[in-house]
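One structure below.
Read the figures in this text as sums done on the coordinates, not as results from a lab. From a predicted model like this one, the values you see are computed outputs, not experimental measurements. Glycine also receives a Cβ, built like all others from the backbone with ideal geometry; neighbour counts cover every protein chain displayed.
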Amino acid sequence: MKIALIGYGKMGKTIERIAKERGHEIVSIIDIDNPEDFNSDAFKSADVAIEFTRPEVALSNIRSSFKANVPIVCGTTGWHEHMPEIKKEIEESGKTLFWTSNFSLGANIFFALNKYLARLMNRFPDYNVEITEVHHTQKLDAPSGTAITLAEGILENLERKNKWVKEEEGNPDELAIKSIREGQVPGIHTIRYESEVDSIEITHDAKSREGLALGAVIAAEFTAGKKGLLGMPDLLKI
């Protein structure tokens, strides 16, 4: 399979190595200094593009891939508020986007576990819940996309919470997401339910970028040749 890489930082280089190990060919690499290559024959020859960049350019990169008629797998977070307009563009144009807030298999199992726990805890109003996420200091968006996905999973299943807020809840119906940036932490996400008598806590701790990169390449393998808006539930059937 021919893959184009959009973004060539640490994640991009890890994806490149894993893709080659799985027998794929990297036909184009686009980074901050060569955005004009979206119009190149090399980029247009790709079966799929994999994008890990920055929140402020992700939307433009997705649309540039659409224009080149190249399906795109996007791992950038921090732009999710634009998803409705992108979804509309996909429906109208027949383009392809695979997006998830976290490509790790373990993280997606964690998403499912989080929803199940929230459904259980809906019966026990004495427990308050909050989310804490820890990432490396280079991560620009806060809360993380993974934390927002976890929050949305809780809000869908816990009737006493109506919205998520940053850092501290001001009202009982708010779900606090606390963000910590330190060192080179790939990503730690903790859901904590606490009452006066005890607490329940579940955590996903990513040990390296390897799991994310492998998941992105597997997603690219899944996406090539497909149409529409896709995600990890489509791939993993969770």
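Under a Gaussian network description of the chain, with springs only between Cα atoms under 10 Å, the residue in ASP173, ASP198, ASP47 that fluctuates furthest is ASP198.
Evaluate the chain: find the radius of gyration of its Cα atoms, find its Kirkwood radius, and give the ratio Rg to Rh.
Numbers: Rg = 18.6 Å, Rh = 18.6 Å.
The Rg/Rh ratio comes out at 1.00.
Note the full-extension length gain between ARG123 and THR137 as 0.36 nm times their separation in residues minus their Cα-Cα distance, in nm to one decimal.
Working: separation 14, 0.36 × 14 = 5.04 nm, distance 3.78 nm.
Gain on extension, ARG123 to THR137, equals 1.3 nm.
Rounded to the nearest 20, the Cβ-based charge dipole of the chain about its Cα centre (Lys and Arg +1, Asp and Glu -1) stands at 720 debye.
Helical content of the chain, expressed as a calculated mean residue ellipticity at 222 nm, amounts to -11500 deg cm²/dmol (DSSP H runs of 4 or more residues, -39,500 (n - 2.57) each, divided by residue number, nearest 500). Put simply, the amide H of ILE29, placed in the peptide plane, has neighbours under 5 Å in LEU5, leaving out anything fewer than 5 places away on its chain. With springs connecting C-alpha atoms under 10 Å apart, model the chain as a Gaussian network and identify which of SER208, SER179, SER144 has the largest mean-square fluctuation. Among SER208, SER179, SER144, the largest mean-square fluctuation in the Gaussian network model of the chain belongs to SER208. Between segment 170-204 and segment 119-139, what is the C-alpha centre distance in whole Å? Here the answer is 4 Å between Cα centres. Subtracting the Cα-Cα distance of ASP33 and ILE180 from their residue separation scaled by 0.36 nm leaves 49.8 nm. Farthest towards the positive end of the charge dipole of the chain, among the residues PRO186, LEU5, GLY170, is the Cα of LEU5, using unit charges on the Cβ of Lys, Arg, Asp and Glu.
Sum up the charges of everything whose Cβ sits under 9 Å from the Cβ of SER65, counting Lys and Arg as +1 and Asp and Glu as -1, but leave SER65 out. It would help to have the intermediate numbers written out before the result.
Details: positive: ARG63, LYS67, LYS95; negative: GLU51.
Value of the local net charge: +2.
Placing unit charges on the Cβ atoms only, positive for Lys and Arg and negative for Asp and Glu, gives segment 105-206 a dipole magnitude near 340 debye about its Cα centre.
Tell me the relative contact order for segment 106-238 as a rounded percent, counting alpha carbon contacts under 8 Å between residues six or more apart. Working shown, then result.
On the way: 194 pairs, mean separation 35.5, N = 133.
So the answer I get is 27 percent.
Shown here: segment 105-206, whose C-alpha atoms stretch 38, 30, 25 Å along the first, second and third principal axes, sorted largest to smallest.
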